[in-house]
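Take a look at the structure set out below.
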Amino acid sequence: MRIQSAEVVVCSPGRNFVTLIVTTDEGLVGIGDATLNGRELAVASYLTDHVAPLLEGRDAAAVEDTWQYLYRGAYWRRGPVTMAAIAAVDVALWDIKAQAAGMPLYQLLGGRSRDSIRAYGHAHGRDIEELSDSVQARIEQGFGAVRIQVGIPGNGPGYGISSVEGAHDYEPASVGLRPVEEVWDAGSYLRHIPAVFEEVRSRFGAELDLLHDVHHRLSPIEAARLGRSLEPFHPFWLEDVTVAENQRALRTVREHTVVPLAMGETYNSIVDYLQLLPEQLIDYVRSAVTHSGGVTGLKRILEFGAIYGAKSATHGPTDISPVGLAAALHIDTAHHDFGIQEYMQHTGPVFDVFDVGYAFADGVFQPGERPGLGVRFDREAAARYPYRQAYLPVNRLRDGTLHDW
Ligand code: KDG
Ligand code: MG
């Protein structure tokens, strides 16, 4: 079976997605997600201009060889644009292979290791009252694990809190030609967050798993202090407590706190984990199928992590399309060292374009039994939602210095 064509569609049913459609000479169609929030068109060009012509005529079954061909063959390895492009090709080829076998993808990855996939939801609010309402809403949806983000007095909207007045649902990318600018003050944050955890714990009890994302904003010693101050409220994890490039920072954090740590959503290769995993500096690997070279790339990372006791916790925000999420769910089903799956929840119009076979109920996912990934892409519906320029915010300290986001 040969690849006949590879086409890219960029659409925006509420937010932007880059989808690769690979068609074979036997009529099978596989799809892959190449969405890179705020840089979508760069990946679309990489695929259309440089990858699609190379794919035509290749053996559709040669998934590993195609991965190596695109990774080693380009000479320029790694990086978010390259690895998102490779991911889309890889996932589309796995989709085709599983459809050809007449099986859901997880069967080709080793079959079921569990009955269901536990997920965590997102709760947020400008203050503790709004946050509590949001936590309650997640509990009512069945979640037993919830990420809590809250506005910090004096800081204005910040990570996890919408900068669009009146919008309760948090969508990090705002439509427009430029990113919105937010303010960050670590001192106010560190003073406020322990009281938030204490209050949420006392309102919702010990059983609910609480997660929190620092989004790369603290220095190593600030992160260590945060971890220590939250220990009495036993968080499930703290995510991205320091900038992801400085992996030694987590040594400092580890020396001072036993709070579990998660990192990896901005990484795109197994090479990014060469220090973090062997030194056992993290407990959860947060990489996404879409950003780390697809099923082939992420499986390698997760197996490497498993040697060092790190569990999988695949990135699942709404800027990863249902195609990327479906691929994650097949890996979650088959991978032995699964931890938890993030589920930020796509909404209405997304499902006009993506018909999904997976299902979420009572806090857990099922990957679905459709052959392949189980997601169908409707090109006509996609055409009704054209691309809109949208960017993640930028973040500044009170004196105007640009800070990590
Ligand atoms: O594109 C960036 C978002 O996916 C990111 O801000 C979401 O940190 C995030 C998370 O944990 O889902
Ligand atoms: Mg995160």
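Among the numbered conditions (1) within 22 Å of L70 (Cα to Cα); (2) buried (at least 23 other Cβ atoms within 10 Å of the Cβ); (3) within 13 Å of ligand 1 (Cβ to nearest atom), the only one that T266 does not meet is (2). H346 fulfils the conditions (1) closer than 25 Å to R78 by Cα; (2) in contact with a Ser or Thr (Cβ under 9 Å, 6 or more places away or on another chain); (3) away from ligand 2 (no atom under 16 Å from the Cβ) except for a single criterion, (1). Condition check: on the phi < 0 side of the Ramachandran plot and open to solvent by 30 Å² or more (accessible area, probe 1.4 Å). Does D95 satisfy that? Against the criterion (on the phi < 0 side of the Ramachandran plot and open to solvent by 30 Å² or more (accessible area, probe 1.4 Å)), D95 does not qualify. So for the range 299-316 (the condition being within 16 Å of ligand 2 (Cβ to nearest atom) and out of contact with any Asp or Glu (no Cβ under 8 Å at 6 or more places or on another chain)), does at least one residue qualify? No; the residues of the range 299-316 include none that is within 16 Å of ligand 2 (Cβ to nearest atom) and out of contact with any Asp or Glu (no Cβ under 8 Å at 6 or more places or on another chain). Of the residues making up the range 317-343, those that are part of a helix (DSSP H, G or I), touching a Gly at 6+ places or on another chain (Cβ under 7 Å) and within 16 Å of ligand 2 (Cβ to nearest atom) are L325, A328. Of the strands (runs of 3 or more DSSP E) lying entirely inside the range 1-65, the ones with 2 or more residues being surrounded by fewer than 14 Cβ atoms within 10 Å (Cβ to Cβ) are found at 3-11. The residue that is farthest from the chain's Cα centre (by Cα), among those in the range 298-316 that are open to solvent by less than 10 Å² (accessible area, probe 1.4 Å) and closer than 25 Å to A85 by Cα, is G305. Pull up the range 248-263, narrow it to residues that are farther than 30 Å from V63 by Cα and within 16 Å of ligand 1 (Cβ to nearest atom), then point me to the one that is least open to solvent (accessible area, probe 1.4 Å). Going through the qualifying residues, I end up with L261. The conditions of being within 18 Å of H315 (Cα to Cα), surrounded by fewer than 21 Cβ atoms within 10 Å (Cβ to Cβ) and either within 16 Å of ligand 1 (Cβ to nearest atom) or in the same structural domain as G32 (by TED's automatic domain parsing) (or both) are not met by Q341.
Does I161 meet the test of being of a type outside the set (K, R), away from ligand 1 (no atom under 16 Å from the Cβ), touching a residue at least 24 places away in the same chain (Cβ under 8 Å) and open to solvent by less than 40 Å² (accessible area, probe 1.4 Å)? The answer is no for I161.
Considering the range 359-405, the qualifying strands (runs of 3 or more DSSP E), each wholly inside and each with 1 or more residues that are out of contact with any Lys or Arg (no Cβ under 9 Å at 6 or more places or on another chain), of a type outside the set (D, E) and over 22 Å from T314 (Cβ atoms), run over 394-397.
The residues of the range 1-60 that are of a type in the set (S, T, N, Q) and under 22 Å from E265 (Cβ atoms), listed by number, are S12, N16, T19, T35, N37.
Just to be sure before I move on: is S292 modelled with pLDDT of 95 or more and crowded, with 23+ Cβ neighbours inside 10 Å in the structure I sent? It is true that S292 is modelled with pLDDT of 95 or more and crowded, with 23+ Cβ neighbours inside 10 Å. Using the structure shown, decide if V364 is within 30 Å of L208 (Cα to Cα) and either in the same structural domain as R138 (by TED's automatic domain parsing) or open to solvent by 20 Å² or more (accessible area, probe 1.4 Å) (or both). For V364, the condition - within 30 Å of L208 (Cα to Cα) and either in the same structural domain as R138 (by TED's automatic domain parsing) or open to solvent by 20 Å² or more (accessible area, probe 1.4 Å) (or both) - is met. If only residues of the range 210-246 that are assigned to a loop (DSSP other than H, G, I, E, B) and more than 16 Å from ligand 2 (Cβ to nearest atom) are counted, the one that is most open to solvent (accessible area, probe 1.4 Å) is H234.
The residue pairs whose first member lies in the range 146-158 and is more than 20 Å from R201 (Cβ to Cβ), whose second member is in a loop (DSSP other than H, G, I, E, B) and among the charged types (D, E, K, R), and whose beta carbons are closer than 6 Å, counting only pairs six or more residues apart or on different chains, are N155/D185.
Checked against (1) within 16 Å of ligand 2 (Cβ to nearest atom); (2) closer than 19 Å to F236 by Cβ; (3) touching a residue at least 40 places away in the same chain (Cβ under 8 Å), V289 passes all but condition (2). Return a yes/no flag: does the range 160-183 have any residue that is out of contact with any His (no Cβ under 8 Å at 6 or more places or on another chain) and assigned to a helix (DSSP H, G or I). No, every residue in the range 160-183 fails to be out of contact with any His (no Cβ under 8 Å at 6 or more places or on another chain) and assigned to a helix (DSSP H, G or I).
The values are calculated or read from the model by the stated rules, or taken from the named source; none is laboratory data. As the structure is a prediction and not an experimental result, all values here were calculated from the model. Virtual Cβ from ideal backbone geometry, glycine too; neighbours counted across all protein chains shown. The accessibility values were calculated without ligands, DNA or RNA, using every heavy atom of the protein model including side chains. Shrake-Rupley method; radii C 1.70, N 1.55, O 1.52, S 1.80 Å.
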